[in-house]
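Okay, structure first, notes after.
Read-outs throughout are calculated quantities, based only on the coordinates presented, and are distinct from any laboratory measurement. Quantities reported herein were computed from a predicted structural model and do not represent experimental measurements. Note: ideal-geometry Cβ built from the backbone for every residue, glycine included; neighbour counts use all protein chains shown.
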Amino acid sequence: MPRTKNTVAGRARRKRVLKQTHGFVGGRGKLYRTARETLDRALVYAYRDRKTKKRHFRSLWIARINAAARMNGLSYSRFMSGLRKASVDIDRKMLAEMAVNDAAGFKKLADVVKASANPRP
């Protein structure tokens, strides 16, 4: 029985790897072995950093909300606690957007928080 070498599938596999590494510098985009090693690592980084990106954005939003809250005489934790007590459901992404682009709207929220912290009898 003749020996088969799986040429078609092997070539397709190599082409797929080299196509994915197109644009990599030097042999990393041209030589199969180094391209495969680089691609494996790149895919690991891509998977890991999709998770990391979420953490980075959350911390950015918190920093922006904290800065805006302090401009209105509140700390971040008191502001968020006051929003919860006042039953205002806005996520951090939207709060950060308001802090940057809509200072007047954020001030109204801060006033709502201050009112809920010490309600008038």
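Things worth noting here:
- Compared with the dominant principal axis of the Cα atoms in the chain, helix 103-117 is inclined by about 60°.
- Residues LYS51, LYS30, arranged from fewest to most other Cβ atoms within 10 angstrom of their Cβ, appear as LYS51, LYS30.
- Relative counts (whole %) of C-alpha pair distances in region 7-117, using bins that are 10 Å wide: 14, 29, 14, 11, 15, 14, 4, 0
- Leading residue at positive end of dipole, the chain (Cβ point charges), from VAL113, MET1, THR38: MET1
- Fully extended contour minus Cα-Cα distance, from LYS19 to LYS53, at 0.36 nm per residue: 9.6 nm
- Here's the list of lysines a cross-link from LYS93 could span, going by alpha-carbon distance under 16 Å and ignoring same-chain residues fewer than 8 apart: LYS53, LYS54.
- In terms of surrounding Cβ atoms within a 10 Å radius of their Cβ, GLU97, GLU37 rank from fewest to most as GLU37, GLU97.
- Residues VAL113, VAL44 arranged by fewest to most Cβ contacts within 10 Å: VAL44, VAL113
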